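Just below is one structure, and these are the notes that go with it.
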Amino acid sequence: WMGDDNRMVDAAEANRQFHSSPPLLQNCENVELAFRGRRDMLLFTTKRVIFVDIQGFMGMGKKVEYISVPWKTVTAFSVRSAGSWADKDSEMCLWLDFDDVFNPQRTNQDDPPPPPIPRRSWIEIDFQKDKVDTLVIHRYLSERLMRVNGHQLKPFTNPVSSDLLVPSPPGTGEKLLDWIGDNAAAIDAEAVDEKFHEAGMLQHDEHVAFAFKTGRDSL
């Protein structure tokens, strides 16, 4: 949905900018991760996801659209790394708790309108390959969205630990995939727990109870 292959930029600078010019953020709200495309921006704050859409030819227009998605509306997420050398993008998807309704077109103008099709709303964002650490995004979203203490989100007054935002060591993702392998079987949950904690895929208080791998995938 959001193109331009975003790259990660300085969150502190974005925080200063959007507290003053324009004053988009609340006084108690801070930017934790920031990304920039050719003309648009994507902000992860302590309260929401903000899409800054600069409209007009080559981003030279004066019209800007700001879209806010509160974290409490996000029910699931996925992060996908780039594949082969021809695959230039990594992606992130957010699934939201409000539904969308698609109204199909009539095949013939004389026919009655087809019934609407309910569907789950979701947002996909592309990132530049090798310009965004997808494991950092995964760790961040896990910390922000995994509900704890009676199914409550992490309070906005509690920033995500800076330790989780440290870039992953080179080759972390590839080493994890190599370890998973191609066999289809139940595998040792403790070993998976250790490997996924080493890769930063699991939170500190999160543990694997059962683990399986099928082909190149794992569950």
TODO: For residues that are touching a Phe, Trp or Tyr at 6+ places or on another chain (Cβ under 6 Å) and surrounded by 14 or more Cβ atoms within 10 Å (Cβ to Cβ), tally how many sit in the stretch 196-219.
DONE: 1
Task: Counted residues, the stretch 1-47 - those being assigned to a strand (DSSP E or B) and within 19 Å of P70 (Cβ to Cβ) - done: 11
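Which of the residues belonging to the stretch 1-29 are more than 18 Å from K131 (Cβ to Cβ) and open to solvent by 70 Å² or more (accessible area, probe 1.4 Å)?
First pass over the stretch 1-29, keeping only residues more than 18 Å from K131 (Cβ to Cβ): 1, 12, 15-29.
W1, R16, S20, S21, P23, Q26, N27 - these are the residues of the stretch 1-29 that are more than 18 Å from K131 (Cβ to Cβ) and open to solvent by 70 Å² or more (accessible area, probe 1.4 Å).
Restricting to the stretch 48-106, name every residue that is in a helix (DSSP H, G or I) and either at pLDDT below 75 or open to solvent by 70 Å² or more (accessible area, probe 1.4 Å) (or both).
Going residue by residue through the stretch 48-106, those that are in a helix (DSSP H, G or I) are 57-59, 71-73.
F57, M58, G59, K72, listed by residue number.
The values are calculated or read from the model by the stated rules, or taken from the named source; none is laboratory data. No experiment lies behind these values; they were computed from the predicted model shown. Using ideal geometry, Cβ is built from the backbone for each residue, glycine included, and neighbour counts are taken over all protein chains shown. SASA here: full protein model, heavy atoms, side chains in, ligands and nucleic acids out. Shrake-Rupley method; radii C 1.70, N 1.55, O 1.52, S 1.80 Å.
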